[in-house]
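A short reminder: the numbers here are calculations on the coordinates, not readings from a lab. Computed from a prediction, not measured in an experiment: that's the story for all the values here. Cβ placement follows ideal geometry from the backbone for every residue including glycine, while neighbour counts extend to all protein chains displayed.
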Amino acid sequence: MKPVASVRRRVTPFMEWALPHWTRGKAGRETPEDLFRLLYLGWLVAFSFKVLGASWDVSWHFKWLRDDLAPPHLLNSVGTAIALALTIIHVYTGYGVDKTAQRLIAWGTGIFLVAVPLDLINHRINGLDITSWSPSHLMLYIGTFFMICGVIRGWFIRARPGRMRTLVLGGLFVFLFENVWFPAQHQEYGVYSIAAWDRGQPEAEPILIKFAADQIGLPVDDRAVALHFALPVPDQLYPLYAVIAAVLVAVYARAMIGRMFSATAMIGVYIVFRTLIWPLLALAGFPHSAVPVFLIVGALAVDLAFLIRMPVLRALAGSLGATVLVDQALRVQHEMFIAPPLVTPMTMVIGWAGLAVLWLAAEWSLGRYTLRAQEREAVVSATATP
């Protein structure tokens with residue numbers, strides 16, 4: 001009984017502190033500083049569980065037949081449960097968020113929860129459906145995307161200027177980038193999967209290879225089986241996604257964090273994480289992946305572009321520089337190590353055009369909604385002044 005009594009002594013003071021806050025309120029209500037920090041610490045924990053589970057999940061699916069209760073899914077579910085609890089708190093009490101952040105979090109969580117059963121049904125009907133780019137999988141990413149955007153906004157508009165504000169905001173952008181980049185990992189695992197197949201040493205278990213072959217009606221020893229599941233999307237998708245999606249997240253990170261080399265640090269942390277889990281997964285016998293080290297130069301191009309004060313010129317010059325550097329860095333990585341298939345320069349011209357348009361739109365939205373760090377910090381400081 002002593003352990004129970006000890007737990008009770010610890011829990012009771014927390015409940016006495018927390019229960020008075022459990023009152024219905026509108027978004028934007030004044031939030032005590034200790035409660036505000038606790039809520040966002042909870043989000044950091046939730047996203048950490050989701051990232052760990054997701055990172056293991058990709059490798060798992062390139063080795064084993066799908067299982068609804070696979071360990072990576074359970075780990076991800078812990079993060080989802082924490083996120084759901086925090087969403088309920090924000091929606092019911094109105095603490096820690098404004099109306100926009102509250103709606104983003106609520107809609108994101110709702111989309112994610114709807115996507116989970118749809119994904120289970122999809123796998124029951126279509127079997128493996130291993131591609132990260134399937135509709136039900138995209139709904140999971142989109143739901144998580146809105147959820148993290150809401151959390152970023154909530155912290156961004158309320159946290160007081162200082163080191164803690166910068167570090168937490170940077171961490172949240174790492175989680176956002178991981179979610180955005182997640183589907184591209186399919187090609188990063190796929191190139192290793194094809195290489196292993198060609199060596200006659202497939203990384204997938206025989207039961208998975210047999211299931212995949214039967215699903216598309218080909219013999220197990222046909223290379224098309226590996227191609228169908230390892231690289232099921234056009235080669236152009238990976239570099240275009242790198243130039244447009246990855247760089248655009250870097251643009252928002254640099255503007256909202258507001259520190260020099262913010263974008264480089266954000267993507268650098270992600271690459272360090274991928275580099276650290278690579279040997280852990282490999283030692284455990286799971287498939288390898290190509291770590292997207294080349295993205296660092298795209299982030300660096302974004303940071304350097306922010307030395308240009310004119311938003312339109314910054315967007316045009318930055319998008320061109322980022323596109324050229326990402327393309328060349330990807331080719332270097334492809335030659336020196338391993339990377340998804342390369343494409344023609346014309347593909348990258350399309351990528352530059354798409355990035356330029358979206359970067360211009362980003363510059364407009366950053367100004368329209370007061371999302372640049374210096375402007376928002378001035379607002380927060382003025383509000384906090386008695």
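Since only 194, 284, 336 are under comparison, the one whose Cα sits farthest along the positive direction of the charge dipole of the chain, derived from C-beta charges on Lys, Arg, Asp and Glu, is 284. In this calculation the C-beta distance from residue 29 to residue 349 is compared with R0 = 51 Å, giving a FRET efficiency of 0.55.
Could you rank the peptides 356-362, 198-204 by their average count of other C-beta atoms within 10 Å per residue, with the highest value first? Write down the numbers at each step before the final one.
Values: 356-362: 17.3, 198-204: 14.0.
The densest-packed peptide leads the list: 356-362, 198-204.
Counting lysine pairs in the chain whose alpha carbons fall under 30 angstrom apart, excluding pairs fewer than 8 residues apart on the same chain, gives 5.
Each Lys or Arg adds one and each Asp or Glu takes one away; over the other residues whose Cβ falls under 12 Å from the Cβ of residue 44, this sums to +2.
Judged by the mean number of other Cβ atoms found within 10 Å, the most tightly packed of the peptides 337-346, 144-153, 71-80, 99-108 leads the ranking 144-153, 99-108, 71-80, 337-346. R0 = 51 Å: FRET efficiency of residue 280 with residue 215, Cβ-based, nearest 0.05? That gives a FRET efficiency of 0.95. Rounded to the nearest 500, the helix-only mean residue ellipticity at 222 nm of the chain stands at -25000 deg cm²/dmol, with each DSSP H run of n ≥ 4 adding -39,500 (n - 2.57).
Which shape class, rounded, prolate or oblate, goes with the range 234-386 when its Cα gyration tensor gives a ≥ b ≥ c as root eigenvalues, a/c under 1.5 marks rounded, and past that a/b bigger than b/c marks prolate? Since a/c reaches 1.5 but b/c is at least a/b, the shape of the range 234-386 is classed as oblate. Under the simplified labelling scheme, the residue 272-residue 361 pair shows an inter-label distance of 3.3 nm, with each label point 7 Å from Cα along Cα→Cβ.
Sorted from fewest to most neighbouring beta carbons within 10 Å, what does the list 57, 34, 235 look like?
Details: 57 18, 34 10, 235 15.
Ranking 57, 34, 235 by Cβ neighbours within 10 Å, fewest first, gives 34, 235, 57.
Would you please put 155-164, 279-288 in order of how densely packed they are, using the mean number of other Cβ atoms within 10 angstrom per residue and starting with the highest?
Values: 155-164: 16.2, 279-288: 14.1.
The densest-packed peptide leads the list: 155-164, 279-288.
Taking a Cβ cut-off of under 15 Å around residue 247, the surrounding Lys, Arg, Asp and Glu residues balance to a net charge of -1, with basic ones at +1 and acidic ones at -1.
Under a model in which nothing but the beta-carbon of Lys, Arg (+1) and Asp, Glu (-1) is charged, the range 26-159 shows a dipole of about 280 debye around its Cα centre. Each Lys and Arg contributes +1 and each Asp and Glu -1, all at the Cβ; summed about the Cα centre of the chain, the dipole is approximately 1700 debye.
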